[in-house]
1. Can you pull the one-decimal nm distance between simple spin-label points at Asp268 and His359, each 7 Å off the Cα toward Cβ?
2. State the answer as a single residue: which of His291, Asn464, Ala169 lies farthest towards the positive end of the charge dipole of the chain, with beta carbon charges of +1 for Lys and Arg and -1 for Asp and Glu, about the Cα centre.
3. How big is the dipole moment of the stretch 94-176 about its Cα centre under a simple scheme where the beta carbon of each Lys and Arg is +1, that of each Asp and Glu is -1, and everything else is neutral? Debye, nearest 20, please.
4. Name the helices (complete DSSP H segments) of the chain with a Cα length along the long axis of 24 Å or more and a Kyte-Doolittle mean of at least 0.5, or state none.
5. Share of antiparallel DSSP beta bridges in the chain, in percent to the nearest 5?
6. Would you work out which of Gln113, Ser327, Met75 lies farthest towards the positive end of the dipole of the chain, given +1 charges on the beta-carbon of Lys and Arg and -1 on that of Asp and Glu, about the Cα centre?
7. What aspartates and glutamates does Lys407 reach when the alpha-carbon gap must be under 17 Å and sequence neighbours fewer than 8 apart in one chain are set aside?
8. Run the dipole for the chain about the Cα centre, Lys and Arg Cβ at +1, Asp and Glu Cβ at -1, nothing else charged, and hand back the magnitude in debye, nearest 20.
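Bear in mind these aren't lab numbers, they're just calculated from the coordinates by the rules spelled out. Please read these numbers as outputs of a predicted model, since none were measured by experiment. Positions of Cβ are backbone-derived with ideal geometry, glycine not excepted, and every protein chain shown enters the neighbour counts.
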Amino acid sequence: MQFRDLPLVSGSEPFVGHMRTMRDDRLGFLNRLTREVDRVARIDTFGRDAAVVNHPEVLHELLVENARTFDKTEMMRFALYPLAGEGLFTSNGELWRRQRKLMAPLFHPAQLQRYAADMVSCAARGQEEWRDGQTLSLAKETTRITMSIAGKTLFDADTFTEADEIGDALTVALRWTAANSPSGLGVAHLMARKIVLELMNRVPLVPAGRLVKVADRLQSPLFVPGDDGRRLRAAIATLDAQVQRMIDARRAAPDKDDLLARLLLAKDDSGANMSDRQVRDEILTLFVAGHETTATALAWAVYCLTRNPDVYAAVEREVDALPGAPSFADLERLPLTLRVFKEALRLYPPLPLFARQTHVPATLDGCSLGAGTVVIVCPWALHRRADLWPEPERFDPDRFLPEAEAKRPRYAWLPFGAGPRTCIGMAFATIEGQLVLASLLRHARFEPLAEEVPEVSATLRPKNGMPMRVRLRKAATVGPPLSGSTSSTPRATGRQASAPRRSDP
Ligand code: HEM
């Protein structure tokens, strides 16, 4: 079968294809993919078609079996380049393979135990300021918590918030990235790059080395005009300077045990360390890939509980039965908490879309794809297939009981992707999700003040920030002190010893 013969998803308009609907009603578009795409279909993005895959068998072919043929997309690399450079999320080919091999041991579940206490302490510190009956934006609170966990585990920074210089610069750069994936600026760069690469083949007089350099340069934004550009450049300059300062400090006094120190020590097969530039790209990649995804997942998990009072009551009993603040040793006592987190990731996958691009002609599900074809994976749509997830809109953590999991196809649940490029932080995020969720639920009961809807951006954020009223609970506890810290022991709060009440759905 040829690519043009694939069924076209409905809603395509003359000239603009699906671009308008993808821009104006992103969630509606994802729901359309749920309804219409069984195995592979075609969407029209401005005259350039892309494939959408929505079946576990084809996902296995794309992400696992033929992973070497399908790279990360040029557009995603363009948008993330100022921030993440050639880090693990964006790089391709040999560089990616080398880095993945080097970094995988740092994220092995056994290595993550050392970060568990910091995760709980950061959660406790984040909750400290809450007052009984207070209204807050849960999405903002979970972001504060996961940002401080990222700061502590990556850079051993004790106070790490959006107000800090690095946090602020990261926020500016992240906003630019979200606004530019995709963007006209990206399209222009990538078209110019294509022309340069074609010139290389057609005009043998121009030295190829020079053209390769120009083509490489065009993978990232050459110049971003206006205020946005000024802010982005200032933010990147701050990040570069701060991360270099931290690298220099770790080299001078290598006594810390954060991820930065461990990245600096990692060696590849030839015994070589990473360059400072590569360490900078990896640190910022981990920060970006790690904090907002987990924050979003935590906020949706709490929201799902508030809509399902029976599950909420059961999970509250589970977390209240812990002897004290949750710890790494308690993970196995929190099976329902884990199932709640996984089910929230099913209904609200923090990365609702991700994509691949063939660099050579390829076949997928028997269909021929030309070199350069983009293939989209949509966990949102996959996680709502009624044949895989009966009553897909129903929140039911028991879908993740081991016997239920064993009955489903392996690639039916993809919040963390699959294959060689599966999320390296999956175990980290799962431990963080379980511990922080347990900590939040022990500390407070949450009452939603409004119905929430997802906003499809780089991540699946709650559109209204998830306003909640918090009722502080009797079981509220503080976590252990942050490791290596003498000054930041969380204070006991003036919490109320009110009896737990069932929340309104
Ligand atoms: C609930 C939280 C998280 C979700 C839903 C999530 C989701 C994902 C997904 C879907 C991918 C694959 C994207 C693709 O195939 O194109 C990915 C890759 C990645 N994630 Fe996560 N992630 C989470 C947490 C984290 C954390 C905590 C870290 C780091 C501490 C992290 C670091 C990364 C990195 C570095 C990659 C690129 C891996 C590679 O290409 O080799 N993520 N993530």
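1. In this crude spin-label approximation the distance works out to 1.4 nm.
2. Final value for the positive-end residue is Ala169.
3. Computed charge dipole of the stretch 94-176: roughly 600 debye.
4. 184-202, 426-443
5. The antiparallel proportion sits near 85 percent.
6. Most positive-ward Cα: Met75.
7. Glu57, Glu343, Asp387, Glu391, Asp396, Asp398
8. Result for the chain is approximately 380 debye, rounded to the nearest 20.
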